[in-house]
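Some notes on the structure that comes next.
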């Protein structure tokens, strides 16, 4: 095998808490389709490492009939993966026997991309007792009877996952039908409210950020923070979470400004905006995506331009951290950016993917939707070594897993 590309797609519960991932992978020797035969999963495990990629979560991984029936499947650690069996598999006696064997050995099993129809329950009845999950293609299923079919699955102690949810509208429909988990990037789509106004707490964040990024006296900035106790406490908790590896506890905003400077404080303040959004417990999945974007923005820029100065790296960070700010504020992105003190280059990179920072942001979005072809094209266009971006993506996944662990 020459190379393996790997990606993760979030799976959320009904309260929008991150509960799992689907691991996506593609190998250069693959002859099947976008998702290669799971026979390469051992290479993925050996190359990337499960703890680094998944932390304490189990992750869905697609498997075909060939891999299901191969004895190598028993060498895969059962605590890390949910085997998601392709739904077009023929339920022969041999297949059913293998599914029963895996269930008896404690493996977690799922059906992948099921189109629920009137005949579906009968088709899959021989293995319903062995399944923990069924991933449903809601858009292609028979919606008139979908609710009753989902209830039947749930009566068999099966968690129903809405697969490939792309928008908030699709998410709401899937919830109405009774789905319990949801896979996709629907939660990064902002709920745009007509004539929306900023909440006072939102205005405080923007005011503090703009003060920090301007040439305002440090005592004046500190005083403004002290007048907003809730924001100050959240910021100190966030910075002292363990994710930033300070030797000593940071005790005040004045301490942060004198120790690390204005730009890092501004960066963390904007990142903090995401910290309590969307999710009700644990780290917000939206924040984790933004943290991943900021990491990749900086690391990819360094590969393209090893001589990039700190101000350009800072702009790369802000492109990443502001790229989903509309989701938090519930307003159109261009309207939110009017209230934030950023350069024209950063604004145009975010809104129009202009310049090198805009190109990198566009690439990161392709990476999130697991488009290895776009990565290949980017490497060629910028004369980068093959798989150089892949290495950065994997390192970013590892860092994100560690960040989440330390911030828990």
Virtual spin-label span in nm between residue 398 and residue 334, 7 Å along Cα→Cβ: 4.2
Counting pairwise Cα distances across the chain, what percent come out greater than 32 angstrom? 41
Using only alpha carbon pairs under 8 Å that are at least six residues apart, calculate the relative contact order of the chain and give it in whole percent. 15
Using only Cα atoms, find the angle between the long axis of helix 310-322 and the longest principal axis of the chain, and express it within 0 to 90 degrees, rounded to the nearest 10. 50
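What does the C-alpha gyration tensor say about the overall shape of the stretch 4-186? Classify as rounded when a/c is under 1.5, otherwise prolate if a/b is larger than b/c, or oblate.
It is oblate, given that a/c is not under 1.5 and a/b is not larger than b/c.
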Per principal axis, largest first, the Cα atoms of the stretch 200-407 extend in Å by 51, 35, 35
The chain: most fluctuating residue of 387, 162, 59 per GNM, C-alpha cutoff 10 Å: 387
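Between residue 248 and residue 148, take the C-beta separation as r, use R0 = 51 Å, and let me know the FRET efficiency to the nearest 0.05. Before the final figure, lay out the partial values.
Working: r = 59 Å, r/R0 = 1.16.
With a Förster radius of 51 Å, E is 0.30.
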Residue 72/residue 237 FRET efficiency (R0 51 Å; Cβ-Cβ; nearest 0.05): 0.65
Return the FRET efficiency for the residue pair residue 391, residue 309: r is the Cβ-Cβ distance, R0 is 41 Å, and the value is rounded to the nearest 0.05. 0.95
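Read the figures in this text as sums done on the coordinates, not as results from a lab. None of these values were measured; they are calculated from a predicted model. When we count neighbours, we look across all protein chains shown, and the Cβ atoms used for this are built from the backbone with ideal geometry, even at glycine.
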